[in-house]
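A short reminder: the numbers here are calculations on the coordinates, not readings from a lab. Here the structure is a predicted model, which means the values were calculated and not measured. Don't worry about glycine lacking a Cβ; one is built from the backbone with ideal geometry, like all the others, and counts go over all protein chains shown.
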Amino acid sequence: MRKPSRKTVAVVAVVLLVLWGSFLVLINWAMRQPPETFGRVMMYVPMPAFFVLPFETLWNQARVGTVQVGDAAPEFRLPTLDHKEQVELSALRGKPVVLVFGSYT
């Protein structure tokens, strides 16, 4: 068996680097999308990919917000549990509201 030339090794390395970079861009884009889009993208990512991605770093950068402790919560609308109506935060003004942030998946 013949040893590959330096040029061949360099070309393969560049191709792998470009593929890895493209994958990082795709994952970074997906992390900045609504949860439904992010989930649809991530269900096709093979488990070994998580070992070559700086996943936690990307996630922390994508999900950093601008709301600080003590700031008023921004307006948002969410479906009720039965998905028949939507609730707006502003409709609850003057009532006690507890906002819990996190992931339960």
Length gain on complete extension for the stretch residue 58 to residue 93, per 0.36 nm per residue less the alpha carbon to alpha carbon distance? 9.1 nm
Cα-based convex hull volume of the stretch 23-62 per residue, rounded to whole Å³: 60
On a 0 to 90° scale, report how tilted helix 6-31 is relative to the longest principal axis of the chain, with both axes built from alpha carbons and the result rounded to the nearest 10. 10
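Per residue Cα convex hull volume for the chain, in cubic angstrom?
Output value, Cα hull per residue: 151 Å³.
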Report the calculated FRET efficiency for residue 49 and residue 18 (r = Cβ-Cβ distance, R0 = 25 Å), to the nearest 0.05. 0.95
Counting other Cβ atoms within 10 Å, which GluC sites (Glu not before Pro) in the stretch 43-105 have at most 13 and lie in a DSSP loop? 75, 85
Loop only by DSSP, 14 or fewer other Cβ within 10 Å of the Cβ. Give me the chymotrypsin sites (Phe, Trp or Tyr not before Pro) in the stretch 7-101 that pass, ordered by residue number. 44, 76, 101
